[in-house]
Each structure stands twice: as structure tokens, then as C-alpha cells.
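The values are calculated or read from the model by the stated rules, or taken from the named source; none is laboratory data. Predicted model only: the values in this text are computed from it and were never measured. Neighbour counts run over all protein chains shown; Cβ positions are idealised from the backbone, glycine included.
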Amino acid sequence: MRFLPREEKFYADFLKQAHLIQEAVGVLDAAAQKGNSHMVSAATQLREIESRGDEIIHDIFTRLNQTFLTPLDPEDIHRLASHLDNVLDCLEESAYRISAYPLEPIPAPVTRLTAILVSLSKELILAFEALSHDKQILQHCIEINRLENDADVVYRVAVAELFQTETNAIELIKRKEVYEVLEKATDFCEDVADVLQEVVVKNS
């Protein structure tokens, strides 16, 4: 291991990950609004964005192994980077599933969930900007938790309606899987917020 000075670049990398999430969500949400014919192109774009995210997380983990003094506990850096990567993975998987199945028209719960993800991506950026400038984070974490709760409601209502109204078993499975992976992306956003709140407590 190289002993290096306290490395602050982790903050910049977290922000890069958050901006990639916002970019991916924007592509996914726009395609969902326009219809399934746009989702194949969106899936291709999200694969490329997800690949860029993999490069960032690789850099973070490499730097983490080479840095003696880190701005946060190494475990927290690892957890934050991993949860952000999980969000991006879920977004890429969502676009793939919607385009591969396909879903036409795009079900309303999908656009409701992508709209929530758009808001979540904005809060993630604000949270990591606050972290890098040593400003208040908790209000952004609280908003992320609230948005994730909204996504839970959308998901539960959508699945309940699906089982009540959909008679085609294959269609039911396809839609449920799409709802699940989108909702899982919101869960990972909340995981990021939970770690950030723990960081605040540790450093208060």
C-alpha cells in the first residue's frame, strides 16, 4: 500500500456517479414518455452510461486501496460507491427489460416511477455537493427517503392492480419484473441516503 496524503478526490467521483445516474434517468424517463419504440435506443445509451460508471467505481476502489488517509471511513466510501453503482445497474436493467419484452404501451406505473427517479437523481447530486462542501446533508436524505416511500406506494398499487386485472400470465410476469427493478433502483437511492446519514452521525 502507498501512503498518500488525505485524498479528497472521492467526493468528485461520487458526484460523477450521481451525475451519471441523472443522465441515465433522463434517458430512461424520456424514452418511457415517448413509448417502447424509443426504448431500444435508450437501452443502448444506458449500457454506455453504465460502462462509464463501472470505470468510475473501479477508480474509486483502486484509489481506496492505495490511500492511507481518506476523507471518510474506507468502509463508507466503499458502501456509497457500491450503492450508487447499484442504482445505475438497475436503471440499465430496467431499460433492457422494457425493450426486450416489450411493453407497449408503456404502463403508467413505469412513467410514475421514472418521474420519481428523476427527482431522486437531483437530490443525490445536491446531497453529494453538500458533502463535498461540508454543508447540510440531512434535508436531502430526508427528501430521498420520502421519494422512495412514494415509489413504494406506486409499486404496491401497481402490483395489486396487475394481479386484479391482468389475465395473461406472461404479461403479468413481464410487467411485474419491470416494476420491481425500477422500485429496486429507488431502494438503492435510499441506501445511499442511509449511509450519508450515518456519515453525518459519525462526524458530528
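Out of all the residues in the range 73-95, is one or more under 19 Å from the mean Cα position of the chain (by Cα) and over 19 Å from GLN17 (Cα atoms)?
Scanning the range 73-95, I find no residue that is under 19 Å from the mean Cα position of the chain (by Cα) and over 19 Å from GLN17 (Cα atoms), so the answer is no.
Determine which member of the set LEU103, LEU124 is farther than 30 Å from ILE77 by Cβ and surrounded by 13 or more Cβ atoms within 10 Å (Cβ to Cβ).
After ruling out the rest, the residue left standing is LEU103.
Go through the residues of the range 161-174 one by one and say whether even a single one is surrounded by 15 or more Cβ atoms within 10 Å (Cβ to Cβ) and either in contact with a Gly (Cβ under 7 Å, 6 or more places away or on another chain) or in a loop (DSSP other than H, G, I, E, B) (or both).
yes
Which residue pairs have Cβ atoms closer than 8 Å, lie 6 or more positions apart in sequence or on different chains, and pair a first residue in the range 47-61 that is farther than 14 Å from HIS19 by Cα and in contact (Cβ under 8 Å) with a residue 40 or more places away in the chain with a second residue that is in a helix (DSSP H, G or I) and among the small types (Gly, Ala, Ser)?
ILE60/ALA81
Which condition number does ALA127 fail, the rest of (1) at pLDDT below 95; (2) part of a helix (DSSP H, G or I); (3) in contact with a helix residue (DSSP H, G or I) (Cβ under 9 Å, 6 or more places away or on another chain) being met?
(1)
Only one residue in GLU50, GLU55 is at pLDDT 90 or above and under 22 Å from VAL118 (Cα atoms), so which one is that?
None of the other options fit; the residue is GLU50.
Could you tell me which residue of the range 57-68 is nearest to ARG97 (Cα to Cα), considering only residues that are buried (at least 16 other Cβ atoms within 10 Å of the Cβ), among the hydrophobic types (A, V, I, L, M, F, W, C) and in contact with a Phe, Trp or Tyr (Cβ under 9 Å, 6 or more places away or on another chain)?
Taking the candidates together, the pick is ILE60.
Got a number for residues in the range 159-188 being in contact with an Asp or Glu (Cβ under 6 Å, 6 or more places away or on another chain) and of a type in the set (A, V, I, L, M, F, W, C)?
2
So VAL159 fits all but one of (1) in contact (Cβ under 8 Å) with a residue 24 or more places away in the chain; (2) over 11 Å from GLU183 (Cα atoms); what number is the exception?
The single condition VAL159 does not satisfy is (1).
Can you tell me which condition SER82 does not meet? The list is (1) under 29 Å from ASP134 (Cα atoms); (2) of a type in the set (Gly, Ala, Ser); (3) in contact with a Leu (Cβ under 6 Å, 6 or more places away or on another chain), and all the others hold.
If we test SER82 against (1) under 29 Å from ASP134 (Cα atoms); (2) of a type in the set (Gly, Ala, Ser); (3) in contact with a Leu (Cβ under 6 Å, 6 or more places away or on another chain), just (3) comes out false.
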